[in-house]
Amino acid sequence: QAQLVESGGGLVQPGGSLRLSCAASGFRLSVNTMAWYRQAPGKQREFVASITLGSNTNYADSVKGRFTISRDIAKNTVYLQMNNLKPADTAVYYCNAPLTNTWGQGTQVTVSS
């Protein structure tokens, strides 16, 4: 059974950095596009970033230049490096495997002074 488990969230000051991890089991990242989404309180879940089979990446305009998605095939893990964080980045971040419509449980990111 496909499963995704996120980690790495927390409280960080504006301008700080965090790296989120998403460990996959039950399927291989190497044959799947992977994505990160986020959902802020009172808002709809929104796309953040994705990485394709060919390692092509795509980002929401709001995070371009600050966030980087990557993956480690050997560890079957996808990452989201988040730099220069802003209060507007506060949300629960979810890992997603679109092919199997698999979602993780989410990890909270709070950006506040």
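How big is D, in µm² s⁻¹, for the range 1-59 by Stokes-Einstein at 25 °C and 0.890 mPa s if Rh is the Kirkwood radius over C-alpha pairs? Spell out each step's value before the answer.
Numbers: Rh = 13.4 Å.
The calculation lands on 183 µm²/s.
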Next on the checklist: Only bridges whose two residues both fall in the chain count here: according to DSSP, what percent of them are antiparallel, nearest 5?
Outcome noted: 90
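Accessible area per residue for the chain in Å², computed with a 1.4 Å probe and the full protein assembly in place, what is it? Don't skip to the answer; put the middle values down first.
Values: 5850 Å² over 113 residues.
Here the per-residue accessible area is 52 Å².
Could you tell me which of rounded, prolate or oblate describes the chain, using a ≥ b ≥ c as the square roots of the eigenvalues of the alpha-carbon gyration tensor, with rounded for a/c under 1.5 and, failing that, prolate when a/b is larger than b/c and oblate otherwise?
Values: a/c = 1.79, a/b = 1.61, b/c = 1.11.
Prolate shape, in that a/c is at least 1.5 and a/b is the bigger ratio.
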Checklist entry - Relative to the compact globular guide of 2.2 N^0.38 Å, what is the alpha carbon radius of gyration of the range 46-106, as a ratio? => result 1.13
Checklist outcome for this item: For residue 25, placing the label point 7 angstrom along Cα-to-beta-carbon and taking the range 87-113, residues whose amide nitrogen sits under 18 Å are 95-97, 102-107
Checklist entry - Which value, in debye to the nearest 20, gives the size of the charge dipole of the chain about its Cα centre, when Lys and Arg are +1 and Asp and Glu are -1 at the Cβ? => result 60
Checklist outcome for this item: Taking a label point 7 Å from the Cα of residue 113 along Cα-to-Cβ, the residues of the range 1-37 whose backbone nitrogen sits under 18 Å from it are 11-17
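The values are calculated or read from the model by the stated rules, or taken from the named source; none is laboratory data. Quick caveat, the model's predicted, so the values are computed rather than measured. Positions of Cβ are generated from backbone atoms using ideal geometry, with glycine treated the same way; all protein chains shown enter the neighbour counts. Just so you know, the surface numbers come from the protein's heavy atoms only, side chains and all, with ligands and any DNA or RNA stripped out. Shrake-Rupley method; radii C 1.70, N 1.55, O 1.52, S 1.80 Å.
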